[in-house]
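The values are calculated or read from the model by the stated rules, or taken from the named source; none is laboratory data. Just so it is clear, the model here is predicted, and its values are computed rather than measured. Counting neighbours? That spans all protein chains shown, and the Cβs are built from the backbone with ideal geometry, glycine included. In case anyone asks, the SASA skips ligands and DNA or RNA and just uses the protein heavy atoms, side chains included. Shrake-Rupley method; radii C 1.70, N 1.55, O 1.52, S 1.80 Å.
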Amino acid sequence: MKKNKILVTGVAGYIGGTFAYEVLKMGFKVYGVDSFINSNRNNIDIFFKNFPRDFNFLEIDLANDILELKKVFDEFKPDFIVHFAGLKSVSESQEKPDLYMANNVGSTRNLLENMNSETFFIFSSSATVYGNNPNQPLTEDSPIEATSVYGMSKIECENLIKDYAFNKGVKSICLRYFNPVGSHQEFVVVEDYLNQPDNLMPKLIECVKNGKNTINVYGSDYKTKDGTGERDYIHIIDLVEGHIAAIDKVQKIENIDFFNLGTGQSTSVVELISTFNKTNEQNIKINYVDRRLGDVAICYSNPLKAHNELNWQAKLSLERMCKDSWEAVQK
Ligand code: NAD
Ligand code: WQD
């Protein structure tokens, strides 16, 4: 029988919500869970309205509501668990280290405890696990290093997943995202720019929305093409397609694998702002301020492993990322 039941954690959030919407369109059955610690019911109402037969939802805290989680597994019997739920702010993780470790690692452990060799696990990891590495681009074999509590929580989750893959036969893929931006085609699930005060794209959106025409750029003296930080921005549609490729792949692997999801293009802050201005006919100006604590100069992927082994490649341009990010919040 075709495997088509996906337990999506963090389904009310930006990436989990976009993924859920796309796989529901494809005909998968989705059971979503979320605690709303960093989101609200908006996406949930949309999914119930658009996919009443194939969507179900329960509000639970994966790190604490162990009995409720077991009931979800018993009732839904998922084929795949795609685990997006987690707290993701680097700065907040430094202020609340215990919360970040308990929430992110606890949630992952509780899910894995309910799994066996018949269920497949896809995990939202992050390029942050590579820390501050001068050797760019990053491959999946680049050294792992935590430069924040958030990073430490992702590394600990990856290690836990490795344990369950080798010792309990839970076949798993960890996807290391670079910098996801944009929105899918229908603009139904949108990144909450009000909730994400420190990432570059939500900050640009916030500037336009609030009629401020200047953005603070953190540092102009990095050893990069123009002195500002370079990153690997990836369109959320490409990111979601990477997960769909991983769902196929995870059924064929022996125990665990790791893939970068990035474009392989390194874009500076100045380049992103100027592309945003040009594409969206805006005129946001730059105000250079000090470097932000903990920022690395350059971070971009070598995406070849995903290309060769997942048969996946990011396709959408930086212009499209800027256009869709802005258009989505306008609608
Ligand atoms: P998001 O905050 O929009 O969504 C995460 C969701 O998880 C939220 O709805 C939140 O309420 C929920 N959640 C958190 N802890 C939970 C718990 N204990 N139980 C149930 N629900 C819980 O974030 P996002 O941008 O969609 O990120 C999704 C995943 O991708 C996260 O794990 C994040 O670390 C990872 N990631 C994100 C980025 C990025 O730039 N957005 C980059 C790399 C990795
Ligand atoms: C990008 C560039 C900033 C805001 C973070 C997490 C990472 C991952 C993605 C989850 C940097 C500069 C930003 C602003 C600026 N998340 N900037 N002015 O730091 O690469 O990655 O989100 O896993 O773990 O660390 O993304 O969007 O915050 O910054 O100049 O107002 O934009 O200095 O060079 P980052 P970002």
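Annotations
- Stretched out straight at 0.36 nm per residue, the stretch from residue 226 to residue 291 would grow longer than its current Cα-Cα span by 22.0 nm.
- Accessible area (Å², per residue) of the chain, counting only protein heavy atoms and a probe of 1.4 Å: 45 Å²
- Each residue of the stretch 237-331 gets 134 Å³ once the volume of the Cα convex hull is shared out per residue.
- Within straight-line cross-link reach of residue 29, lysines at Cα separation under 24 Å, skipping those fewer than 8 residues along the same chain: 2, 3, 5, 49, 70, 71, 77, 171, 249, 252
- Estimated Rh, the stretch 1-94: Kirkwood, alpha-carbon pairs, angstrom: 13.5 Å
- Note on the stretch 146-238: Kirkwood radius taken over Cα pairs, Stokes-Einstein applied at 20 °C and 1.002 mPa s, translational D equal to 129 µm² s⁻¹.
- For the stretch 1-56, the list of trypsin sites (Lys or Arg not before Pro) that fall in a loop by DSSP and count at most 15 other C-beta atoms within 10 angstrom reads 2, 3, 41, 53.
- Residues of type lysines that residue 88 reaches as a straight line, Cα spacing below 18 Å, ignoring anything fewer than 8 places off in the same chain: 96, 154, 203
- Remark: spin-label model distance residue 36-residue 98 equals 2.6 nm, labels positioned 7 Å along the Cα→Cβ axis.
- Dipole of the stretch 144-244 computed with +1 at Lys/Arg Cβ and -1 at Asp/Glu Cβ about the Cα centre; of 144, 183, 224, farthest Cα towards the positive end is 144.
- Counting every C-alpha pair in the chain, the share spaced more than 38 angstrom apart comes to 11%.
- In terms of its alpha-carbon gyration tensor, the stretch 92-175 comes out oblate; a/c meets the 1.5 threshold, while b/c is at least as large as a/b.
- Relative to the longest principal axis of the Cα atoms of the chain, the long axis of helix 200-209 makes an angle of roughly 70 degrees.
- Once exposed loop GluC sites (Glu not before Pro) are cut out (DSSP; at most 12 other Cβ, 10 Å), longest piece of the chain: 119-253
- Cα lying deepest toward the dipole's positive end in the chain, options 308, 159, 289, charges on Cβ: 308
- Potential lengthening of the chain between residue 4 and residue 167 amounts to 56.1 nm, from the contour at 0.36 nm per residue minus the alpha-carbon distance.
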